[in-house]
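Scroll down for the structure; my scribbles are underneath it.
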Amino acid sequence: VQLQASGGGLVQAGGSLRLSCEASIRDFSSYAMGWFRQATGNQRGIVAAISSSDGRTYYPDSVQGRFTISRDNAKNTVYLHMNNLKPEDTAVYYCAASPTIGPRIERHAYDYWGQGTLVTVSS
């Protein structure tokens, strides 16, 4: 199983980015998916999660209204649309897959992780 995240980069505050994560998972539609981030010196935490097939989502307060998670099960891909980015959003972003219905917010619920993509937001 491989998860390949892409789309990170440098953006000014107030800007937008879209992250993508393509998964080489058999029966991708049976996996809940999540995006986590880890800033230097901080623990890795959830920023968005989506259920396996009915589109239910979860966002922490810190990104609610700014980030949107979506998935295309036909393409084995999950996306994270990030708007109105702030310098505190700077982090390495990881996608992850959980063999559950979800959405799941616990790190331990996820069995597979991507390699991470760096998002840097300048002020």
- May I have the convex hull volume per residue, in Å³, for the Cα set of the stretch 52-122? 104 Å³
- Filter the trypsin sites (Lys or Arg not before Pro) in the stretch 13-57 down to the DSSP loop ones having no more than 10 other Cβ atoms within 10 Å, then list what survives. ARG26
- Whole-Å distance, taken between Cα centres, linking the stretch 50-86 and the stretch 7-26: 11 Å
- Message: Just the number please: accessible area per residue for the stretch 15-123, 1.4 Å probe, all protein chains included, in Å².
- Response: 48 Å²
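Give, as a single signed number, the net charge of other residues whose beta carbon lies under 13 Å from the beta carbon of ALA91, with Lys and Arg counted +1 and Asp and Glu -1.
On the way: positive: ARG37, ARG44, LYS86; negative: GLU88, ASP89.
Taking every Cβ under 13 Å from that of ALA91, the sum is +1.
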- Of the accessible area of the stretch 4-107, computed with a 1.4 Å probe and all protein chains kept, carbon and sulfur make up a percent value of 44 percent
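Counting other Cβ atoms within 10 Å, which trypsin sites (Lys or Arg not before Pro) in the stretch 57-109 have at most 16 and lie in a DSSP loop? Write down the numbers at each step before the final one.
Details: sites: ARG66, ARG71, LYS75, ARG104, ARG107; in loops: ARG66, LYS75, ARG104.
In loop regions of the stretch 57-109 (DSSP not H, G, I, E or B), the sparsely surrounded trypsin sites (Lys or Arg not before Pro) are ARG66, LYS75.
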- Considering only DSSP beta bridges whose two residues both sit in the chain, what percent are antiparallel, to the nearest 5? 90 percent
- Dipole magnitude (debye, nearest 20) for the chain, charges at Cβ of Lys, Arg, Asp, Glu: 80 debye
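The values are calculated or read from the model by the stated rules, or taken from the named source; none is laboratory data. Everything numeric in this text was worked out from a predicted model, so none of it was measured. Every residue, glycine among them, receives a Cβ derived from its backbone with ideal geometry; neighbour counts consider all protein chains shown. Quick note on the areas: whole protein, heavy atoms, side chains included, nothing else; ligands and nucleic acids left out. Shrake-Rupley method; radii C 1.70, N 1.55, O 1.52, S 1.80 Å.
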